[in-house]
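Encoded as structure tokens, the structure appears first; notes follow it.
What follows draws every value from the coordinates through simple rules; no lab data is involved. Here the structure is a predicted model, which means the values were calculated and not measured. Here Cβ is always computed from backbone atoms with ideal geometry, including for glycine, and neighbour counts include all displayed protein chains.
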Amino acid sequence: MSTATTVHRIFNFAAGPAVLPLPVLEEVQRDMLALPGVGMSVMEISHRSKTFEAILGQAVADVKELAGVPEGYHVLFLQGGASTQFSMVPMNLLAAGATADYIVTGAWGQKAVKEAKRVGAVNVASTTEADNFSRLPKAEEVKLTPGAAYVHTTSNETIHGVEFKQEPAFGDAPLVCDTSSNMFSKPIDVPRYALIYAGAQKNLGPAGVTIVILRDDLLARSPATLPTMLNYNTHAKENSLYNTPPAFAIYVVGLVMKWLKANGGLAGIAERNERKAGKLYVEIDRTGFYRGHAAKDCRSNMNVTFRLPSEELEAEFAKQAKAAGMDGLKGHRSVGGMRASIYNAFPEEGVDTLVAFMKEFEKKNG
Ligand code: PMP
């Protein structure tokens, strides 16, 4: 009999879609043909059925429990990826005549700005582009707009590997955060935020669903003229069931939340993530053969970006690593070099394997 555990799985360092927890995949596989007691798969049942309502309700409840979402917030499961949030955020929250502040620490923040500018007035309150997004802004570099509609920030820049180590704090305006690549990799202080969003396909589940955690008072801002599907009120009122939701993706997110709860919650996962990333950064810093892209105080625990002495060696590194069962290590072309994405479900054994490979590669080529 072939099961997921007998299949050979490589170490998947991809930036997203990314590795999912094996027990989750095994449960999906086990129940693929028929959910227990239902006789149909989750992809075949009505989204209005009691079964699906229970799956959705449990996923929302587990998101709330894990992150400590207080009363007064909605947890929404939307479609269109985090990229659609780049538009929905300003469409709903940025009234005519108002200005939104954007803190740009990488390529995703830039994309968020580009979309917001189509909607209204945007102030880039700070950008570290001149340093190829290798660091976070210093407090004195941030020029906030008094009375801004909101401040938008990106908690972890997936391409550059730059992460806020403390929760971002930028003045008094409602804080909106794109947490696509580090949501639930560590505890999060939800009350600090007005709106948090993340595409699921890195730490939370498969592609196809976007989680939005939204403070209720913001709902009053959405103009009634917005297209129905792009208005947060539509989804808040209907508990993410206004139209057919991405049922399979929500189901898997629910299983990932269950897995997180069974594995020490966000504090437990944070400890493991810190340890995994720490091992890689120690190796990067060991001799100078490898060079980290991000400044030390803002190195990402999710996307570890580093260079080698030459582009030839980088190409060779990626090729040999792949042959050794480690895929997805080639960095984004805008940064070059390597990127090891080591999200929640990435096994520590894979990090140890990469570290051993790095030592060996340096011995042969250093
Ligand atoms: N923001 C960040 C930080 C991301 O890493 C990504 C995807 N890599 C996006 C936004 C875009 O997400 P999506 O593909 O779900 O639109």
Just subtract the alpha-carbon distance of Asp31 and Ala139 from 0.36 nm times their residue separation and send over the number in nm, one decimal. 33.8 nm
Computed over the chain, Kirkwood Rh from alpha-carbon pairs, angstrom: 21.4
Separation between Cα centres of segment 302-344 and segment 188-267, rounded to whole Å: 31
By how many nm would the segment from Tyr242 to Asp352 grow when fully extended, if each residue of separation counts as 0.36 nm and the alpha-carbon distance is taken off? 35.0 nm
Residues whose built amide H sits under 5 Å from the amide H of Asn303, excluding neighbours closer than 5 in sequence, are Ile342
How many angstrom separate the Cα center of segment 119-169 from the Cα center of segment 8-64? 35
Relative contact order (percent) for segment 190-246, with alpha-carbon contacts under 8 angstrom and 6 or more residues of separation? 24
Show the residues, 5+ positions off or on another chain, whose built amide H is closer than 5 Å to the amide H of Lys330. Arg339
Apply 1/(1 + (r/R0)^6) to the Cβ-Cβ distance of Ala61 and Arg192, taking R0 = 22 Å, and write down the FRET efficiency to the nearest 0.05. 0.50
What are the ³J(HN,Hα) couplings of segment 327-332, residue after residue, when phi is run through the Karplus curve with 6.51, -1.76, 1.60 and θ = phi - 60°? Round to Hz, x for glycine and proline. 9, x, 8, 5, x, 5
Label-point separation, Glu360 to Asp217 (7 Å along Cα→Cβ), nm: 5.7
The long-range amide H neighbours of Ala148, using H built 1.01 Å from N in the peptide plane and a cut-off of under 5 Å, are none
Stretched out fully, how many nm does the piece from Glu53 to Thr225 gain, at 0.36 nm a residue minus the Cα gap? 59.0 nm
So in segment 53-206, what percent of DSSP beta bridges are antiparallel if you round to the nearest 5? 10
Below 8 Å between Cα atoms, with a sequence gap of 6+, how large is the relative contact order for segment 30-262 in percent? 26
Through the Karplus equation 6.51 cos²θ - 1.76 cosθ + 1.60, θ set to phi - 60°, convert the phi angles of segment 191-206 into ³J(HN,Hα) values in whole Hz; use x for Gly and Pro. x, 5, 10, 8, 8, 10, 9, 7, x, 7, 6, 10, 10, 10, x, x
Label-point gap, in nm, between Asp131 and Ser334 - each point 7 angstrom along Cα→Cβ: 1.7
Violations at 28 Å Cα threshold for listed pairs Lys202/Lys276; Lys111/Lys322; Lys202/Lys279; Lys279/Lys322 -> Lys111/Lys322
Each label point is 7 Å from the Cα along the Cα-to-Cβ direction; what then is the distance between the points at His8 and Ala262, in nm? 2.8
Applying the Karplus parametrisation 6.51 cos²θ - 1.76 cosθ + 1.60 with θ = phi - 60° to the phi angles of segment 341-357, what ³J(HN,Hα) value in whole Hz is obtained for each residue in order, glycine and proline being reported as x? 8, 10, 5, 2, 7, 6, x, 4, 4, x, 5, 4, 5, 5, 4, 4, 5
Given Cα pairs under 8 Å that are at least 6 residues apart, what percent is the relative contact order of segment 151-272? 21
Based on DSSP, what percent of beta bridges with both residues in the chain are antiparallel, to the nearest 5? 55
Rg/Rh for segment 265-365: what does it come to with C-alpha atoms and Rh from Kirkwood? 0.94
What value, in deg cm²/dmol to 500, does the helix sum -39500 (n - 2.57) over DSSP H runs of n ≥ 4 give at 222 nm once divided by the residues of the chain? -11000 deg cm²/dmol
